[in-house]
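Participant: Here it is, the structure, as structure tokens.
The values are calculated or read from the model by the stated rules, or taken from the named source; none is laboratory data. Predicted model only: the values in this text are computed from it and were never measured. Methodologically, a virtual Cβ is constructed for each residue, glycine included, from the backbone with ideal geometry; neighbour enumeration extends over all protein chains shown.
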């Protein structure tokens, strides 16, 4: 099958492209000129230069493909417009470039588009209206709406916190845990859904191939939520360390977020840690149900948490990150 992947050279996308290539598909990779393709260089993908921000190369990239996996997006910015430009408007440009006989458009969105869970280990009710908290979440929801309005056959998946080989975001926590500290944001424990990147790639493929009604929206999560303390202790165990819990008071997080945003403004480049990220960190929880994926796809993430963390630690050590 001829398949287009956007964001395929990123963390999650590289795991997906690896599986698509292993299944014998012909994979086109949309990438901006000068993008780092090191993660997927060995896979023999056809790279098509293009940019969601201005639509360059999108028609060439999508011409004649049977499926599109859209993972590319903006994670950070100085205001809502920075994120909407890519996550909403870029998605619309890509949809417009797709052939009318496209088999399926798969959007990899985020739990941030739905909004937080009410607190504790209970998942966010599936029937609850979307209520994103941040610019990022709102922009991802707008991207979902663009897909639904396009009329193309589609499925939308919403991953939670993702970790695994090649990840740089949760890696920060591994690095701190290596020093014996387990930071816990806020003044109380919060529960989170998580997923191991190779499992997520398999879940995305399961959703792409399942006979689902067009417009189906599915969280892809490990069915067992964790707290940051739980996750930190599992990470410490994978590292062979004992960790000491380090509470991070809300006031400290807000101060650090504002300071980081100011520094980013001065240097002219938005960073991941910002007041918007603090809003996410202090939300009641980010738990979604794995039941829809189990029921509709017959899919449950297969890798036990400790095994996934051990594989991740091994990758970090093999690549000199730890």
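Participant: Got at least one residue in the stretch 151-171 being part of a helix (DSSP H, G or I), surrounded by 21 or more Cβ atoms within 10 Å (Cβ to Cβ) and in contact with a helix residue (DSSP H, G or I) (Cβ under 9 Å, 6 or more places away or on another chain)?
Facilitator: The answer is no; no qualifying residue exists.
Participant: What number of residues within the stretch 70-95 satisfy the criterion of being more than 26 Å from residue 283 (Cβ to Cβ), surrounded by fewer than 23 Cβ atoms within 10 Å (Cβ to Cβ) and touching a helix residue (DSSP H, G or I) at 6+ places or on another chain (Cβ under 8 Å)?
Facilitator: The qualifying residues number 2.
Participant: Does residue 221 satisfy being touching a helix residue (DSSP H, G or I) at 6+ places or on another chain (Cβ under 9 Å) and either surrounded by 14 or more Cβ atoms within 10 Å (Cβ to Cβ) or farther than 23 Å from residue 174 by Cα (or both)? Don't jump to the end; show me each part of the working.
Facilitator: Details: touching a helix residue (DSSP H, G or I) at 6+ places or on another chain (Cβ under 9 Å): yes; either surrounded by 14 or more Cβ atoms within 10 Å (Cβ to Cβ) or farther than 23 Å from residue 174 by Cα (or both): yes.
Here the answer is yes, as residue 221 does meet what is asked.
Participant: Ok, one more. Could you tell me how many of the residues in the stretch 237-260 are free of Cβ contacts under 8 Å to residues at least 24 places away in the same chain and surrounded by 11 or more Cβ atoms within 10 Å (Cβ to Cβ)?
Facilitator: Counting residues in the stretch 237-260 that are free of Cβ contacts under 8 Å to residues at least 24 places away in the same chain and surrounded by 11 or more Cβ atoms within 10 Å (Cβ to Cβ) gives 7.
Participant: What pairs come out if I take residues in the stretch 15-30 that are at positive phi and surrounded by fewer than 24 Cβ atoms within 10 Å (Cβ to Cβ) and pair them with residues that are at pLDDT below 95 and in a helix (DSSP H, G or I) whose C-beta lies under 6 Å away, six or more apart or interchain?
Facilitator: From residues that are at positive phi and surrounded by fewer than 24 Cβ atoms within 10 Å (Cβ to Cβ), there are no pairs.
So that you can scan it fast, the table gives a plain yes or no per residue for (1) assigned to a helix (DSSP H, G or I); (2) modelled with pLDDT of 95 or more; (3) surrounded by 23 or more Cβ atoms within 10 Å (Cβ to Cβ):
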{"position": "195", "(1), (2), (3)": "no, yes, yes"}
{"position": "200", "(1), (2), (3)": "yes, yes, yes"}
{"position": "205", "(1), (2), (3)": "yes, yes, no"}
{"position": "208", "(1), (2), (3)": "yes, yes, no"}
{"position": "213", "(1), (2), (3)": "no, yes, no"}
{"position": "235", "(1), (2), (3)": "yes, yes, yes"}
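Participant: To continue, here is another question. Any residue at all in the stretch 286-309 that's more than 25 Å from residue 15 (Cα to Cα), touching a residue at least 12 places away in the same chain (Cβ under 8 Å) and either touching a strand residue (DSSP E or B) at 6+ places or on another chain (Cβ under 6 Å) or surrounded by 13 or more Cβ atoms within 10 Å (Cβ to Cβ) (or both)?
Facilitator: Applying the first criterion (more than 25 Å from residue 15 (Cα to Cα)) to the stretch 286-309 yields none.
Looking for residues that are more than 25 Å from residue 15 (Cα to Cα), touching a residue at least 12 places away in the same chain (Cβ under 8 Å) and either touching a strand residue (DSSP E or B) at 6+ places or on another chain (Cβ under 6 Å) or surrounded by 13 or more Cβ atoms within 10 Å (Cβ to Cβ) (or both), one finds none in the stretch 286-309, hence no.
Participant: Given the conditions (1) surrounded by 17 or more Cβ atoms within 10 Å (Cβ to Cβ); (2) touching a residue at least 24 places away in the same chain (Cβ under 8 Å); (3) not in a loop (DSSP other than H, G, I, E, B), report the number of the one that residue 270 does not fulfil.
Facilitator: Evaluating residue 270 over (1) surrounded by 17 or more Cβ atoms within 10 Å (Cβ to Cβ); (2) touching a residue at least 24 places away in the same chain (Cβ under 8 Å); (3) not in a loop (DSSP other than H, G, I, E, B) leaves (3) as the failure.
Participant: Any idea which residue in the stretch 99-114 is surrounded by the fewest Cβ atoms within 10 Å (Cβ to Cβ), counting only those that are over 16 Å from the mean Cα position of the chain (by Cα) and part of a strand (DSSP E or B)?
Facilitator: Restricting attention to the stretch 99-114, the residues satisfying the condition of being over 16 Å from the mean Cα position of the chain (by Cα) are 99-105.
Checking the rest, the ones that are also part of a strand (DSSP E or B) come to 104-105.
Values: 104: 19, 105: 24.
Only one residue tops the list, namely 104.
Participant: Could I ask something else about it? Over 24 Å from residue 156 (Cβ atoms) and at pLDDT 95 or above: which single residue out of 60, 2 fits that description?
Facilitator: After applying the criteria, what remains is 60.
Participant: Considering only strands (runs of 3 or more DSSP E) fully contained in the stretch 1-98, which possess at least 1 residues that are over 20 Å from the mean Cα position of the chain (by Cα) and more than 30 Å from residue 262 (Cβ to Cβ)?
Facilitator: Passing ranges, in order: 2-6, 26-31, 46-49.
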